[in-house]
Amino acid sequence: CLLILGTLSGKVFRLQGEHLQLYRAMTVFGNVGFMGIPIVVSIYPEKGMLYMAVFTIIDQLMLWTLGVKLTSSEKEGGVFNPKKLINPVTVAIILALICVLTGIRIPLVLNTALQKMGATATPLAMIYLGGVFACIDVLSFIRKPDYYGITLIKMLVFPVLFYILLGFVHIPADIRMTMALTSAMPVMSSVVMMANASGSDGDYAMGGIVVTTLCSVLTLPVVSWIFQVLG
């Protein structure tokens with residue numbers, strides 16, 4: 001749904017080429033890892049991490065397939081190379097699913113090493129984004145109206161409508177809240193790294209992260225309050 005809304009609103013702002021593709025990616029993918037997980041776990045300490053683990057599998061699989069396509073540069077003739085979908089992340093997700101479904105356990109030594117490697121992801125991402133952030137003109141991006149289109153659609157309108165629609169589905173209230181809250185997160189930081197890695201306009205994606213993250217200071221409390229009012 002967010003992909004469709006991102007495409008329609010991108011046309012309204014008359015975006016084209018790489019900017020339209022990145023706009024769609026920013027509309028779809030939210031900062032679940034750095035913001036979504038801590039927020040949900042703080043609300044639901046017992047089951048929050050379980051819900052987020054399931055969501056992250058789908059989220060990352062979409063990011064490293066659809067996300068790779070949306071952040072790819074058009075400098076190569078505008079033709080997307082399907083081989084890009086086969087990458088270390090998609091392979092790791094598939095192997096993890098196989099291990100979970102079959103009950104296969106990897107050796108403790110390997111598991112410990114992988115956990116320590118995985119723990120470096122957040123600080124390394126923050127260092128990378130900090131370096132990129134230091135090299136851009138923040139004020140020029142704050143004045144771009146299309147970023148506020150993402151804020152309105154992704155972080156206000158869609159989460160509320162999504163929460164209402166989930167009310168017609170027989171699921172527990174905590175799962176309903178978790179799904180709606182994760183959809184209200186600001187733009188995912190990985191979009192910038194993927195855009196830069198593929199030669200696309202990473203600065204444009206960085207501007208979306210800056211604006212939506214700043215706006216989330218207001219939008220997240222607002223949507224949370226609306227959720228409580230709607231029950």
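The values are calculated or read from the model by the stated rules, or taken from the named source; none is laboratory data. All of these numbers come straight from a predicted model, not from anything done at the bench. Neighbour counts run over all protein chains shown; Cβ positions are idealised from the backbone, glycine included. These accessible areas exclude ligands, DNA and RNA; they are computed on the full protein's heavy atoms, side chains included. Shrake-Rupley method; radii C 1.70, N 1.55, O 1.52, S 1.80 Å.
What the table shows:
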read-out	value
Long-range amide H partners of G30 with built H, under 5 Å	M188
Full-stretch length increase - L61, L124 - with 0.36 nm per residue and alpha-carbon distance subtracted	20.6 nm
Measure of compaction for region 165-231 (Cα Rg per 2.2 N^0.38 Å)	1.43
Overall form of the chain per C-alpha gyration tensor (a/c, 1.5; a/b vs b/c)	oblate
Solvent exposure of the chain as accessible area per residue, Å², 1.4 Å probe	56 Å²
Whole-Hz couplings from phi, Karplus 6.51/-1.76/1.60, listed for region 17-32; x for Gly and Pro	x, 4, 5, 5, 4, 5, 4, 5, 5, 5, 6, 7, 9, x, 7, 6
Count of Lys pairs (Cα-Cα under 18 Å; at least 8 positions apart or interchain) in the chain	7
Net length gained if the chain between L8 and I171 were fully extended (0.36 nm per residue, minus Cα distance)	55.7 nm
Fraction of accessible area attributable to carbon and sulfur, the chain (%, probe 1.4 Å)	73 percent
Accessible-area value, S216, 1.4 Å probe, nucleic acids and ligands omitted, Å²	10 Å²
V54 paired with V229, simple spin-label distance in nm, labels 7 Å along Cα-to-beta-carbon	3.0 nm
Helix-derived mean residue ellipticity, 222 nm - over the chain, DSSP H n ≥ 4, -39500 (n - 2.57), to 500	-20500 deg cm²/dmol
Largest-first ordering by accessible area, 1.4 Å probe, given options I153, I104	I104, I153
Orientation-averaged projected area, Cα convex hull of region 5-79 (nm²)	5.9 nm²
